[in-house]
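Working notes for the structure below.
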Amino acid sequence: MDYNINPVTVEDYITRRWLIIMSRAVLNALEKRVMDMVRVLYMNPSKCFSRKNGKNYTKSEAIKMLDNKLETLGVNYQRQYDLIKGVLASDKKKYDKIKRSDISDKEIFEILVSKGIQSIFG
């Protein structure tokens, strides 16, 4: 949703920043859940994967497979974090160039509610 917003005005910038920060929070929550699941999988890795004939892999084979999948997942998480960090930095540069007047907390809240709901359901 946030990539559909091109920050030209202060309102657009605030809305986009809010959505990106929410995306980062969701990514952090997802990472926490996945790490909890990984701990459980490592308790009995041989039951995580099975062959086409229905037999399970050995513990060492299963650990190697699990490690490979987690490495791929870690790379993907890092790409997402870097993307979010880059977008926030880029938007900050754009925001510094926008002519803006002082905006109150109430106005920021109204922007977040109206634009956020419009972005989510629009």
(message) Being modelled with pLDDT of 85 or more and either open to solvent by less than 90 Å² (accessible area, probe 1.4 Å) or hydrophobic (A, V, I, L, M, F, W, C) (or both) is true for just one of Leu19, Leu112, Leu30. Which residue is that?
(response) Leu30
(request) Taking only the stretch 59-93 into account, find how many residues are farther than 28 Å from Tyr42 by Cβ, open to solvent by 70 Å² or more (accessible area, probe 1.4 Å) and within 21 Å of the chain's Cα centre (by Cα). (result) 3
(request) Could you check, for the stretch 33-49, whether at least one of its residues is on the phi > 0 side of the Ramachandran plot and surrounded by fewer than 10 Cβ atoms within 10 Å (Cβ to Cβ)? (result) no
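The values are calculated or read from the model by the stated rules, or taken from the named source; none is laboratory data. None of the values given here were measured: they were computed from a predicted structure. Neighbour counts run over all protein chains shown; Cβ positions are idealised from the backbone, glycine included. Side chains are part of the model used for accessible areas, which takes the heavy atoms of the whole protein and leaves out ligands, DNA and RNA. Shrake-Rupley method; radii C 1.70, N 1.55, O 1.52, S 1.80 Å.
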